[in-house]
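Rule-based calculations on the coordinates, nothing more; no lab input. Note that the structure is a prediction, hence the values are computed from the model and not measured. Neighbour counts are summed over all protein chains in view; Cβ atoms, including those assigned to glycine, are modelled from backbone coordinates with ideal geometry.
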Amino acid sequence: MTGDSLEAAWARITALGAAPGASAIRPLFAAEPDRFARFHARGAGLLLDISKTAISDTVRDALLDLARAAAVEARRDEMARGALVNETERRAALHMALREALPGAPGPSAEAAGTLEAMRVFTEAVHRGEIRGATNQRFDTVLNIGIGGSDLGPVMVGRALWRAGDPMRPIHLGNVDGHGWETVLPQLDARRTLVLVASKTFTTQETMANAHLVKRWMEASVGKLGATAHFVALSTNMKATAEFGIAPERVFPFNDWVGGRFSLWSAIGLSLALSLGWERFRALLDGAAAMDRHFLSAPLAENLPVLLALTEAWHVNGLGLNRRAVLPYDERLRRLPAHLQQLEMESLGKRVRLDGSLVPRATGPVVFGEPGTSAQHSFMQLVHQGPKPVPVDFILVAKPDHSHAENHRILLANGLAQAEALLMGRDAAGVEADMRAAGADEATIARLLPHRIFPGDRPSVTIVLPSLDPASLGALIALYEHKVFVLGALWRINPFDQWGVELGKVLATPLVRELEQGAPSPAHDSSTRGLLAEVLKLQS
Ligand code: F6P
């Protein structure tokens, strides 16, 4: 790959995106009766349909050329071999080794297997009642304290898969806001609660504040000595976990080649193993591993993560659509958009390339979402009729885990209908005909016509899961993880660092003191000084 060939491939995408009619989708369907057949792919049990986009054969060829010019396959194989693909932090990115041994990275794979085995042994001992709390009661609740990647993945998977009757009840404490703790507190019986302090660094201000708060509560409930039986750490920082008072045998480690937003498969997933049971946690990992194998072996044109990434590149850079909505049509996936927000925006919210130069084009889009059908009654108005299209990911689950067949039919029908409505729109002739049929007079038709037209040609992709079982969910998450990696390669940015969150953290430290002492520093800008003074005045 040369920078020149990559730039030439990008120039082709830009040119295709600027061509007249580039964003039209309906003509593609009209011209190609077999469009769905040619624009969907399958992998790891999932189906990905990208036919409802303006990707023509010509555009697809250009996008595949772009992937080749960016050496996506070589970059992918480097990642799987444990190369330092996180170049700014001089680290590997080996989350795939957490789910299945990677032949090219035997050391990390063995290390990951060792931690997994320790997690399994611990989980099963807790479930059998061999590991108990200070008052000899069995643990029935697992409280995970963590934030960002040490929270969002476990929360999202827990909400998706946990069912009444599962081995333990999962509760998550993420935000440092004391109201969060006040909300979970009534649900907890200290004697039966196992606390996991989940923090890769074990220095994150919010997590440590919550961990100390919970430690004081536990000590007040079961005594200072007894409290140690209730704490476990999930971390890379053995020194800090020891200082916190957690015995080394109660620390489940992982390595710095596990990025926070890719960490739910590591020790950070212990709350999932404990709450769902080992078999289902293992099935989650196996599903992700199936997607890994697909990503590592399928040709570019049939490779789901590659196709999803190229579709995004087309939308962001070809058509200038730098936001995307994620609509899972399954209430259990309600925290998936939050997980993807971190996965995608922390990874791809970059403006500098690996070589230090500025990226000469837009990078990661704004990602937001809600489960359907609820989302239809909030932001979908803008998606249908706002001036600028918002590409959508629809996620459909074929078989529900309930027996309310009519509800599920309505749910699926709405998901399909939204995508169809975005594609087809409703033109003036159709609206007029509808209004006449409903008995509207000519003046009313003329007045309302522009408001009731749907422009159509609005892009979406659809992902279909057979059911929301651990393996399908694992594959779905891994699909998005690899998509992020491919986009990083296309834009030549590092998807594995997150320097952008540091400055706010640094500035918060002196502000905590100023709030405590009631003395704003004159060094702040006038807005920060004014707001600080206002808060202090209101608190006094
Ligand atoms: O928000 C920045 C970040 O570093 C995330 O990448 C990470 O997931 C989160 O903070 C929590 O970090 P830690 O696990 O070290 O507490």
**Report entry** Which of 418, 449, 465, positive extreme of dipole for the chain (C-beta unit charges)
**Finding:** 465
Query raised in the report: Once the Cα atoms of helix 470-491 and of the chain are each reduced to a long axis, what angle between those two axes, in degrees from 0 to 90 to the nearest 10, is obtained?
Result: 70
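Loop-only chymotrypsin sites (Phe, Trp or Tyr not before Pro) in region 480-523, please: DSSP not H, G, I, E or B, and at most 16 other Cβ atoms within 10 Å. Intermediate values should be presented prior to the final figure.
On the way: sites: 480, 485, 491, 496, 499; in loops: 496.
Hits after loop and neighbour filter: nothing returned.
Just from its helices, what would the mean residue ellipticity at 222 nm be for the chain, if runs of 4 or more DSSP H residues each count -39500 (n - 2.57) and the sum is divided by every residue, rounded to the nearest 500 deg cm²/dmol? Before the final figure, lay out each step's value.
Values: 22 runs with 259 residues, N = 540.
Result for the chain, helices only: -15000 deg cm²/dmol.
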Report summary line: In whole percent, the Cα-Cα distances of region 327-392 spread across 10 Å bins from 0 upward as 19, 38, 29, 12, 2
Query raised in the report: Considering only 23, 88, 74, whose Cα is most displaced toward the positive end of the charge dipole of region 1-90, charges sitting on Cβ of Lys, Arg (+1) and Asp, Glu (-1)?
Result: 23
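When each pair of different Cα atoms in region 150-219 is counted once in the 1/r mean, what is the Kirkwood radius in angstroms, to one decimal? All intermediate terms of the calculation are to be shown ahead of the outcome.
Working: mean 1/r = 0.0762 Å⁻¹.
With all distinct Cα pairs of region 150-219 included, I get 13.1 Å.
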Report summary line: The ratio Rg/Rh over the Cα atoms of region 213-340, Rh being the Kirkwood inverse mean 1/r radius, stands at 1.10
Query raised in the report: Any number yet on Rg/Rh for region 270-385, C-alpha, Kirkwood?
Result: 1.02
Requested in this report: Could you state the angle between the C-alpha long axis of helix 106-128 and the longest principal axis of the C-alpha atoms of the chain, as a value from 0 to 90 degrees rounded to the nearest 10?
Outcome: 70
Query raised in the report: Over the chain, how many percent of alpha carbon pairs lie in each 20 Å bin up to the one with the longest distance?
Result: 20, 49, 27, 4, 0
**Report entry** Percent breakdown of C-alpha pair distances by 10 Å bin, ordered from the shortest bin, for region 325-442
**Finding:** 11, 31, 28, 18, 8, 2, 0
Query raised in the report: Among 222, 263, 281, which residue has its Cα positioned farthest towards the positive end of the charge dipole of the chain, with +1 placed on the Cβ of Lys and Arg, -1 on the Cβ of Asp and Glu, and the dipole taken about the Cα centre?
Result: 222
Report summary line: Dividing the surface of the Cα convex hull of region 1-142 by four yields a projected area in nm² of 14.6
**Report entry** Between region 74-91 and region 467-497, the Cα center-to-center distance that results, in Å
**Finding:** 15
Report task. Would you tally the net charge around residue 256, using a Cβ to Cβ cut-off of less than 9 Å, leaving residue 256 out, and scoring K and R as +1, D and E as -1? Result -> +1
Requested in this report: Go through region 270-283 residue by residue and turn each phi into a ³J(HN,Hα) via Karplus (6.51, -1.76, 1.60, θ = phi - 60°); whole Hz please, and just put x for glycine and proline.
Outcome: 4, 4, 6, 4, 5, 7, 8, x, 4, 4, 6, 5, 4, 5
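Going by the alpha-carbon gyration tensor, a ≥ b ≥ c the square roots of its eigenvalues, is region 214-282 rounded (a/c under 1.5) or, if a/c is not under 1.5, prolate (a/b greater than b/c) versus oblate?
Details: a/c = 2.63, a/b = 1.46, b/c = 1.80.
Because a/c hits 1.5 or more and a/b fails to exceed b/c, region 214-282 counts as oblate.
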Requested in this report: Over the alpha-carbon set of region 75-224, divide Rg by the Kirkwood Rh and report the Rg/Rh ratio to two decimals.
Outcome: 1.03
Query raised in the report: Nearest 20 debye, what's the magnitude of the dipole of region 289-355 about its Cα centre given +1 on Lys and Arg Cβ and -1 on Asp and Glu Cβ?
Result: 220
Query raised in the report: Can you list residues whose amide H is under 5 Å from residue 366's amide H, if they're 5+ apart or on another chain and H is modeled 1.01 Å from N?
Result: 323, 324
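Placing unit charges on C-beta atoms (Lys and Arg positive, Asp and Glu negative, everything else neutral), compute the dipole magnitude of the chain about its Cα centre in debye, rounded to 20.
Working: 56 positive and 58 negative charges, 109 e Å.
Around 520 debye, computed over the chain.
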Report task. Measure nothing fancy, just the Cα-based angle from helix 152-161's long axis to the longest principal axis of the chain, in degrees from 0 to 90, nearest 10. Result -> 80
